[in-house]
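Throughout, read-outs are computed from the coordinates displayed, never taken from laboratory work. Keep in mind the model is a prediction, meaning the values are calculated, not measured. Ideal geometry is used to build each Cβ from the backbone, glycine not excepted, and the neighbour counts take in all protein chains shown.
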C-alpha cells in the first residue's frame with residue numbers, strides 16, 4: 001500500500017493536502033477513480049456488495065498506512081452517495 005500511494009497519488013493533490021489547502025470535488029473524484037482501478041474504492045465493504053471483503057486487519061492497514069504519508073484523501077470513507 002505504501003508504494004501504491006507513493007506511486008499513484010497525483011502530486012498536485014498531495015501538495016494541496018500537505019499545504020492544508022482546500023480539496024475540490026474533482027480532486028476527490030480523481031483519487032477515488034485511481035482507487036477504483038486498483039479495486040480499493042470500497043475495500044472495507046463485503047464482497048457481495050462490491051467491496052474487497054477485507055478482514056478488519058486489512059481495513060486497518062488500509063486506514064493506517066497512508067497516515068505516514070499525511071494523505072487525508074485516503075481516509076475519506078466511500079458511501080454510495082459520495083459521488084453524486
Original post:
Among rounded, prolate and oblate, which fits region 2-75 when a ≥ b ≥ c are the square roots of the eigenvalues of its C-alpha gyration tensor, a/c under 1.5 means rounded, and a/b larger than b/c means prolate?
Top reply: prolate
Original post:
So if R0 is 22 Å, what FRET efficiency would residue 64 and residue 26 give, r being the distance between their Cβ atoms, rounded to the nearest 0.05?
Top reply: 0.25
